Amino acid sequence: MNIHANNKSVLSCFKSPVVCALLLFVVLTLAGCGSDPGDSEDMVVLRDALVSKIRSLDPGDVSDTTSATVTGCFYETLYGFDYEARPYKLVPMLADSMPEISDDRLTYTIKLKEGIKFSDSPCFPDGKGRELKASDFVFAWKRIANIKFRSKNWWMFDGRIVGLDAFREYTTEVGKGEEVDYSRPVEGFKAVDDHTLVIKLKKPWPQLPLVLAYLASAPVPPEAVDYYGEDIVSNPVGTGPFVLKHWQRGSYVEALKNPNFRTEYNPGASRTAENKLPLADKILFMVVEESQPRWLQFKQGDIDALTPPADNFDQAIEIGHELTPQMKKNNIQLTTMDEPCTDWVALNMEDPLIGGNKPLRLALAHAVDRKKYIELFTNNRDEPAYGFIPPVMKAYDPGIKEIGPHYDPDKAREYLEQAREVQGGEIPTITLTMGGTSSLHSKMGTLLERNFEAIGLDIETEYLDWPIFLEKTHTKSAQIFQLGWRADYPDTETFLQVFYSKNESPGPNQFNYSSPEFDRIYEEATMMPAGPERTELYRQAERIVMEDCPMIPIKHRVMYSLYHDWLENYRLAAFDPGYGLRKYRSADMDKRKKF
């Protein structure tokens, strides 16, 4: 899933009285948003900060972590991950049990839990949410296949499900103004009855249960799509633990406990009313793109948890990764986690200048000072990246450090000379696109720009709002751009599919990279069960990508999360965005009031 660069923030200190006044106004305004005079005194409220704007609340079209974080509160999937188990354990969510798999590994039979209901919505005849049916999954998955929907998640099923590719081809023939016939049968997706799904594969695909825990696979009722049309992006109708009360675009999202949510209890706790999920009555997601307002809101108790900004890191954490006395005095807690993430600069291989000039790509790759990047923007928390598979993944290859690009300006200049020969003259101006307009993005863009200009390139940097940035990358319009990927599930395949040629934009392969050899290895590996042989294929595939250089790896993330002591049952989870884990979190409102 696409990750936003603005997760470890850095800003210069605010010294202008005017700026300070404006900052105070922003903080006070956001602190008050979502406050409802109708809220009862005993209402449990969670307060989260989002570092970028939300693009959509439609699971079939969500492909970024920010949108998924919120959308995952409203929708659920067949499977999820045990909140407490480490290593991560796949468990049934909407499914009643793990799938029954045929001996040839081509047919999966999945039973659904009974009595699960969609949230109330005017899309239903009586306004009351009806019971979830197996056909709702079939509809949602066919909708992703519908080429007119332009889903970013078609890569999930492309070439894997019997009859689904033919259905997608059929949708290309549906004329303008005509409706796609979702009743058209697809052999590989069948609702045998209201509570039984059968999936038939073209070839073995051991990652299927993991993909069925991915947010995009969530069921969507056809009534909602018919009723809301394109506005379904802002009118979620799911089975999740929360329902949308209000989305003030670019500002905040307010979610309330879903009264239709099934009876489910906090794991390991007694089956009493206070342990019934979700534990919170309300979640307020505030969009706070600048790090200093986020930090001030956290310090004054208006945000429950956050990653400390780089400029304020020393105020929170001492050498040795201990909390400072002031943090301890304020009862602030600290938890850390190695994230399954890699940040990079993507190089659009369909851009005539970039894609057709490998020496130019190598020049760019050897010009980036990743250690300086990590020092400036993450207080040396993160790890330098030399490939795209993070160390936390089982298939990580320690030897990739000897293969991937290193910061070497002299070598970069040598490659640039070769690039000029390929180009037949000087290299034209290259446009670097950044997915954000905050001060942090400006600083990151400036560092990259200086790295590239130091070897003799002319760089023009543009800064776009996150939704506009995603649209530009999805339409192959960006030349080089900063982005990254977070694992959707605990299998290295989730990183390899980002480079598979059939997953080109608007799919996850936003490099628009194509290599027949890589594709061959990828297709072979994805049919294999976990084991040393598959791990070796994963590593071979990574080496092929690094040799072709469609991206510049920068860093692997290590998360440091500060949280107030009133936040209860708070755990970091590698697969949090999109998996609805906020249903397990609660807050001691008495402690918050006393803060």
Exercise. Could you run through the stretch 409-438 and say how many residues are assigned to a loop (DSSP other than H, G, I, E, B) and surrounded by 15 or more Cβ atoms within 10 Å (Cβ to Cβ)?
Key: 5
Quiz item: Going by the conditions given, is Thr492 polar (S, T, N, Q) and open to solvent by less than 10 Å² (accessible area, probe 1.4 Å)?
Solution: yes
Quiz item: Looking at (1) out of contact with any helix residue (DSSP H, G or I) (no Cβ under 9 Å at 6 or more places or on another chain); (2) open to solvent by less than 50 Å² (accessible area, probe 1.4 Å); (3) at negative phi, which is the only condition Gln207 fails?
Solution: (1)
Quiz item: Of the conditions (1) exposed (fewer than 15 other Cβ atoms within 10 Å of the Cβ); (2) in contact with a helix residue (DSSP H, G or I) (Cβ under 9 Å, 6 or more places away or on another chain), Pro325 fails just one. Which one is it?
Solution: (2)
Practice problem: Identify, from the list Leu447, Leu464, the residue that is more than 19 Å from Pro553 (Cα to Cα), in contact with a helix residue (DSSP H, G or I) (Cβ under 8 Å, 6 or more places away or on another chain) and surrounded by fewer than 20 Cβ atoms within 10 Å (Cβ to Cβ). | Solution: Leu464
Quiz prompt | Test result for Thr239, hydroxyl-bearing (Ser, Thr, Tyr), open to solvent by less than 40 Å² (accessible area, probe 1.4 Å) and closer than 30 Å to Asp103 by Cβ | solution = no
Exercise. Can you run down the residue pairs with Cβ atoms below 6 Å, 6 or more apart or on separate chains, where the first is in the stretch 349-374 and farther than 17 Å from Phe452 by Cβ and the partner is open to solvent by less than 20 Å² (accessible area, probe 1.4 Å)?
Key: Met349/Phe511; Met349/Asn512; Met349/Tyr513; Met349/Pro550; Glu350/Asn512; Ile374/Asp382; Ile374/Lys555
Practice problem: Give the residue, chosen from Ser151, Ser183, that is surrounded by fewer than 15 Cβ atoms within 10 Å (Cβ to Cβ), in the same structural domain as Gly240 (by the TED database) and among the polar types (S, T, N, Q). | Solution: Ser183
Practice problem: Would you be able to tell me the number of residues in the stretch 96-141 that are without any contact (Cβ under 8 Å) to a residue 60 or more places away in the chain and either open to solvent by less than 70 Å² (accessible area, probe 1.4 Å) or not assigned by the TED database to the domain that holds Phe74 (or both)? | Solution: 5
Self-check item: Glu350 closer than 17 Å to Val498 by Cβ, among the acidic types (Asp, Glu), open to solvent by less than 10 Å² (accessible area, probe 1.4 Å) and within 28 Å of the chain's Cα centre (by Cα)
Solution: no
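The values are calculated or read from the model by the stated rules, or taken from the named source; none is laboratory data. Not measured: the values here are computed from a predicted model. Ideal geometry is used to build each Cβ from the backbone, glycine not excepted, and the neighbour counts take in all protein chains shown. Side chains are part of the model used for accessible areas, which takes the heavy atoms of the whole protein and leaves out ligands, DNA and RNA. Shrake-Rupley method; radii C 1.70, N 1.55, O 1.52, S 1.80 Å.
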